[in-house]
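Notes for the one structure printed next.
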Amino acid sequence: MPFNHNDHYHPLLLDLLPPGPGIALDVGCGTGRFARRLAATGMAVEAVDVSAAMVEAAAGLGSPGPGEIVYRRADVTTDTLPEAHYDYISCLASLHHMPFGTVAKLRRALVPGGVLVVLGLARPSTPADWALALAAVPVNALARLVVYAGERLNGGPDEGPKAPIADDYPTLAELRRESARLLPGSTVRPLLFWRTLITYREQGDG
Ligand SMILES: C[S@@+](CC[C@H](N)C(=O)[O-])C[C@H]1O[C@@H](n2cnc3c(N)ncnc32)[C@H](O)[C@@H]1O
């Protein structure tokens, strides 16, 4: 796709990194584009994906450093994660492939002060949600045109293996309700380009 809606939000997600280099977990890393950006900040990154093809492709692309990236094939819903270990956990377009309750496990894996970010897809629920979703249509068309023109000028798109996609998403109302239940104090922010950002900071009080 000429304009990647998930990649567009990488800078926003990097703004939410806690201070200091620390340890990051990228859940459903795909070909590792965000894992590499985390490593570029100096974080030590563990990047996991249930797809062997994705892990192989990501590992083949190496790491820009200075942080090290360890790629691992794992199903996060069944994998054992260390408790109170990660400073930052990211899920980019991956959580809707899993039961939402997986966030409880991710929450336990955060150190106190650690941050969980979930960039996801959700169906609009309120009139305001619908208005934002509709507003994205012309902006998206323009952004695609600009990116397409840039790619043509630079010799064509950068093709890589395609990550598995899921076409069943929760509604924003469901996300708001479940986030309040499982991630108390979290924020749920609808974004342009049909994405939603959940941000949670672990307080360490259980
Ligand atoms: C739409 S892709 C997104 C990839 C990447 N995060 C990105 O932004 O390009 C979703 C990824 O989640 C992975 N995934 C799905 N279920 C998973 C699970 N249970 N554990 C780990 N990874 C999973 C898929 O294999 C796929 O690579």
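What to note about this one:
- A Gaussian network model of the chain, with springs between Cα atoms under 10 Å, assigns the largest mean-square fluctuation among Ala173, Ala136, Ala149 to Ala149.
- Top of Arg107, Arg37, Arg144 by mean-square fluctuation, Gaussian network on the chain, Cα under 10 Å: Arg144
- For the chain, the C-alpha radius of gyration sits at 1.02 times the compact-globule guess of 2.2 N^0.38 Å, with N the residue count.
- Solvent-accessible area per residue, Å², over the range 1-142 with all protein chains present [probe radius 1.4 Å]: 43 Å²
- Carbon/sulfur fraction of accessible area - the chain, other protein chains in place, 1.4 Å, %: 58 percent
- Across every pair of non-identical alpha carbons in the range 76-124, the mean reciprocal distance, once inverted, gives a Kirkwood radius of 11.3 Å.
- Think of each Lys and Arg Cβ as +1 and each Asp and Glu Cβ as -1; about the Cα centre, that makes the dipole of the range 1-156 roughly 240 debye.
- Computed on the range 1-45, with alpha-carbon pairs under 8 angstrom and 6+ residues apart, the relative contact order is 40 percent.
- 5 angstrom amide H check on Ala47, placed H, neighbours 5+ away: Asp26, Val70, Tyr71, Arg72
- With θ taken as phi - 60° and the Karplus curve 6.51 cos²θ - 1.76 cosθ + 1.60 applied, the whole-hertz 3J(HN,Hα) list for the range 178-191 is 5, 5, 5, 6, 9, 10, x, x, 6, 10, 10, 10, x, 10 Hz, x standing for glycine and proline.
- The chain - mean residue ellipticity at 222 nm from DSSP helices (-39,500 (n - 2.57) per run, n ≥ 4, rounded to 500): -10000 deg cm²/dmol
- Highest-first arrangement of 11-19, 90-98, where packing means the average Cβ count within 10 Å: 90-98, 11-19
- Positive-pole candidate from Ser125, Val146, Met98, dipole of the range 41-157, charges at beta carbon: Ser125
The values are calculated or read from the model by the stated rules, or taken from the named source; none is laboratory data. The model shown is predicted, which means the values in this text are computed figures rather than measured ones. Cβ: placed from backbone, ideal geometry, glycine included. Neighbour counts: every protein chain shown. For accessibility, only protein heavy atoms count, side chains too; no ligands or nucleic acids. Shrake-Rupley method; radii C 1.70, N 1.55, O 1.52, S 1.80 Å.
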